[in-house]
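Notes follow the structure.
The values are calculated or read from the model by the stated rules, or taken from the named source; none is laboratory data. Being a predicted model, the structure only gives us computed values, none of them experimental. Using ideal geometry, Cβ is built from the backbone for each residue, glycine included, and neighbour counts are taken over all protein chains shown. To get the accessible areas, we keep the full protein, side chains included, count just its heavy atoms, and leave off ligands, DNA and RNA. Shrake-Rupley method; radii C 1.70, N 1.55, O 1.52, S 1.80 Å.
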Amino acid sequence: MASGILHIDLDAITANWRALDAMTPAGVQTAAMVKADGYGLGAAPVARALMAAGARRFFVALTEEGVALRLALGPEAEIHVLSGHMQGDGGRIASFGLIPILNSPAQVERHFTELHGHPFGLQLETGMNRLGIDAADWRRLAPAVLARGPGLLMSHMACADDPAHPLNAEQLARFCAMTDGTGVARSFSATGGILLGRQYDFDLTRPGIGLYGGAPFRAAQPVARLSLPVVQVRALAPGDAVGYNATWTAPGPARIATLAAGYADGLFRALSNRARLFHGRTGCPLVGRVSMDLITVDISALADTPETLDLLCPAQGIDDLAAAAGTIGYEILTALGLRYDRHYVASAPGVRAA
Ligand SMILES: *Cc1c(COP(=O)(O)O)cnc(C)c1O
């Protein structure tokens, strides 16, 4: 087996979903964000496990993702599409029973023209200036739109992972001003908003990263373990250099293991000379440049030569690796390459792994 093995703990994902669900009162529903193939971990197996745990509402970014999810989950799931009703998507939105979250007056018009009577939600712009209908457009459109019975009014927080940021309260005030008294179900919080406090709950939360074990949900159970096979080991003399551009030189006699994964597999080149690979609790430094398919690791501290070393494990989670690469856990997960052998771990009955 030459490729790395990505172990994905579906029980940890469902436990994280339950824990986030338990933070809000019983009347608040908890959806699951499975965009970008379930943050790189497999939207179908992740969503099936969450269905078995009681989740019914799912969000994806694209209509194409919604179609794939419908095929994986069957008719019972409510699948929302965050990019809304894009040109040319009407047929698939209708045939696969997807719920577009309309983001602009143009999308509202397209939806009402093409799919009269088909369920929809709306995203309202409250301060992030990314997706959503502006306050001025909403004032104009609201009477006609509300008369068509939207299923959901939502907005998204820009700074929920920073509790002290003033934009949190400003966005909340704008969202309330735009939606109070409409009688329509509302959604405002992702993972960060759930952790911020109950004033952000409304009717439905939309956690993503917290399900997958990432910050800001620091109490989350880790979900991903990445084990990389050792292809070759060699003994270096003091002064021998390792890898492209010879950026690391052995300070003394060293044992260097070459592992089969590189930047083509999502191990960012920025991790060169920065990350560690673990054998149990012992961390071994990644030395030299990350190359396309390979990394090199100083295993001088190990008594033996293991068959694999772990890049993601309890000792080094996605946020630790993200810090070493100068990024966030979201990017570590969604960059995980397609060459890994994905092994799903699940004990819950009724959850099929693939
Ligand atoms: C990605 C996303 C979420 C989930 O955010 P997390 O920080 O991963 O919990 C929720 N809502 C919207 C609109 C998103 O784009």
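Hydrodynamic estimate: the Kirkwood radius of segment 117-179 over Cα pairs, inserted into Stokes-Einstein at 4 °C and 1.567 mPa s, corresponds to D of 104 µm²/s.
Share of pairwise Cα-Cα distances greater than 28 Å in the chain is 49 percent (whole percent).
Loop-resident trypsin sites (Lys or Arg not before Pro) (DSSP state other than H, G, I, E or B) in segment 135-230 with no more than 14 further Cβ atoms inside 10 Å of their Cβ: ARG148, ARG218.
Residues MET292, MET33, sorted by accessible area with the largest first, give MET292, MET33 [1.4 Å probe; ligands and nucleic acids excluded]. When only the Cβ of Lys, Arg, Asp and Glu is charged (+1, +1, -1, -1), the dipole of the chain relative to its Cα centre reaches about 140 debye. Can you give me the relative contact order of the chain as a percent, contacts being Cα pairs under 8 Å and 6 or more apart? Relative CO of the chain lands at 19 percent. Per residue, the chain exposes an accessible area of 43 Å² to a 1.4 Å probe, with every protein chain left in place.
Rounded, prolate or oblate, given the Cα gyration tensor of segment 38-191, with a/c below 1.5 counting as rounded? Since a/c reaches 1.5 but b/c is at least a/b, the shape of segment 38-191 is classed as oblate. For ILE209, the residues whose modelled amide H falls within less than 5 Å of its own, excluding neighbours fewer than 5 places apart on the same chain, are THR191. Over what distance in Å are the Cα centres of segment 119-197 and segment 255-315 separated? When both Cα centres are located, 44 Å separates them. Under 5 Å from the amide H of GLY151 lie the amide H atoms of PHE120, GLY121, each residue being 5 or more positions distant or on a separate chain, with H modelled from the backbone and absent for Pro and chain starts.
Residues ARG92, ARG57, ARG339, ARG130, ordered by accessible area of protein heavy atoms at a 1.4 angstrom probe radius and largest first, appear as ARG130, ARG339, ARG92, ARG57. Helical runs assigned H by DSSP (4 residues or longer) give the chain a calculated mean residue ellipticity at 222 nm of -8500 deg cm²/dmol, each run adding -39500 (n - 2.57) before division by the residue total.
Computed on the Cα atoms alone, the convex hull of segment 260-354 gives a volume of 117 cubic angstrom per residue.
Please report, as a whole percent, how much of the solvent-accessible surface of segment 64-139 comes from carbon and sulfur atoms (probe radius 1.4 Å).
55 percent
When you count the other C-beta atoms within 10 angstrom of each residue and take the mean per peptide, 244-256, 266-278 line up highest first as 266-278, 244-256. Note that segment 165-268, at 25 °C in a medium of 0.890 mPa s, gets a Stokes-Einstein diffusion coefficient of 132 µm²/s from its Kirkwood radius over C-alpha pairs. Taking a Cβ cut-off of under 12 Å around PRO222, the surrounding Lys, Arg, Asp and Glu residues balance to a net charge of -3, with basic ones at +1 and acidic ones at -1.
How charged is the neighbourhood of LEU309? Take every other residue with its Cβ under 13 Å from the Cβ of LEU309, and add Lys/Arg as +1 and Asp/Glu as -1.
0
Legend: Rg and Dmax of segment 284-331, from Cα coordinates, 12.1, 35 Å.
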